[in-house]
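Undergrad: If you scroll down you'll find the structure; I have some questions about it.
Taken together, the values in this text are just the output of simple stated rules run on the coordinates, not laboratory data. In this text, all values refer to a predicted model and were calculated from it rather than measured experimentally. In this analysis, Cβ positions are derived from the backbone assuming ideal geometry, glycine residues included, and neighbour counts consider all displayed protein chains.
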């Protein structure tokens, strides 16, 4: 075939090819139409994990760090100076109220008592003598009065006898006062002698306490009021922590507290708020809170580090979801709930409430069903989903 004849054939084939392509494109367009309206391509379902919404109690717990302190403590010190002859207690020993804890050398104080006793006896003898002289003076005055009645005695003799009687009466009063003073001196000497027996005595609290520190050894000479032993009360013991303004208003005396310490990591101890400071420290803007903790076995010691967990708020019947179910859209918090068809989600705006661990309260009147806990970042309201098998949590 010659070239002029092949050229129309090639043109014909090209025209037929372009026409076929156009027909195929138009056919595809019409097949994508239903009722004359174009159908948009459907999005594939998003694989998600879901959890069942829980209904029940939830608590707002707050844990504070603090320190244990002795509920009461005082320093035992002798009221008189002396050499320590004997100490009956040592570190960590128990002490009973009124127990003698130490003895001082009492030789000088024994002598002081004997001297005061002798002075008292001398004063009493002087009083007896003065009383006898008074009786003599009174008899002499009476005799002068008899003689004067018979005209034998003069007025001047009676004046002398009366003056003597008054003098003896004054002497009796002086010796009587000296007796009272000597009795007081003797009692003071006996009291000082008693102070050589150093006692651990206190008011209120428990009958038994513990020696926290010993300052001296036997044989040392102490001045009056020098420290000998430090005694502390450990049952109950006091726990102290500090709170900021955010939690201050939620605490009140009588509130129960659970305590834990590194010394006993697998145990918890029950406590109760006893006192809350009425002022905040300006340097830290915190207020002191004191707890009373039962410590019958004396295992908790002052200075231990503790963690105090307090229930600040409690809701008995709350709507609860896992914390990871909460997300946000357009600046509003909410959750994606599984729709009735189990194949799509519904966006629900909520107000988050108490957070306990990974459990979150939703402050809504009523909410039931399931929520998306994983994959919600790919979702919008009404989006199709596919629940991953074996990934449905019964409770948050």
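Undergrad: If each residue of separation counts as 0.36 nm, what is the full-extension length gain between residue 167 and residue 61 once their alpha-carbon separation is subtracted?
TA: Working: separation 106, 0.36 × 106 = 38.16 nm, distance 8.77 nm.
Once the chain is fully extended between residue 167 and residue 61, it gains 29.4 nm.
Undergrad: Find the centroid of the Cα atoms in segment 176-190 and in segment 329-388, then give the distance between the two in whole Å.
TA: 91
Undergrad: Grab every C-alpha pair in segment 113-182, bin the distances at 10 angstrom width from 0 up to the longest one, and report whole percents.
TA: 22, 34, 23, 14, 6, 1
Undergrad: Sticking with this one: Dividing the alpha-carbon Rg of the chain by 2.2 N^0.38 Å yields what?
TA: 2.36
Undergrad: At 0.36 nm per residue, minus the direct Cα-Cα distance, what do residue 315 and residue 267 gain on full extension? Give it in nm, one decimal, please.
TA: 14.7 nm
Undergrad: Based solely on its DSSP helices, what 222 nm [θ] is calculated for the chain when runs of n ≥ 4 H residues each add -39,500 (n - 2.57) and the sum is averaged over all residues, nearest 500 deg cm²/dmol?
TA: Numbers: 4 runs with 116 residues, N = 396.
-10500 deg cm²/dmol, from helical runs alone.
Undergrad: Restricting to Cα pairs below 8 Å that are 6+ residues apart, what does the relative contact order work out to for the chain? Please round to a whole percent.
TA: 28
Undergrad: Just need the relative contact order of segment 107-194 here, percent rounded to a whole number, with Cα pairs under 8 Å and 6+ apart.
TA: Taking the mean separation of contacting Cα pairs over the length of segment 107-194, I get 52 percent.
Undergrad: How fast does segment 49-190 diffuse by Stokes-Einstein, in µm²/s, taking the Kirkwood radius from C-alpha pairs at 4 °C and 1.567 mPa s?
TA: After rounding, the answer is 56 µm²/s.
Undergrad: Grab every C-alpha pair in segment 234-314, bin the distances at 10 angstrom width from 0 up to the longest one, and report whole percents.
TA: 18, 50, 28, 5
Undergrad: Okay, next question. Relative contact order of segment 234-314, please, whole-number percent, based on alpha carbon pairs below 8 angstrom and at least 6 residues apart.
TA: Reported as a whole number, the value is 44 percent.
Undergrad: What FRET efficiency comes out for the pair residue 374/residue 279, r = Cβ-Cβ distance, R0 = 56 Å, nearest 0.05?
TA: 0.70
Undergrad: R0 = 51 Å: FRET efficiency of residue 143 with residue 226, Cβ-based, nearest 0.05?
TA: After rounding to 0.05, the efficiency reads 0.20.
Undergrad: Per residue, what volume in Å³ does the convex hull of the Cα atoms of segment 45-103 enclose?
TA: With only Cα atoms used, segment 45-103 gives 236 Å³ per residue.
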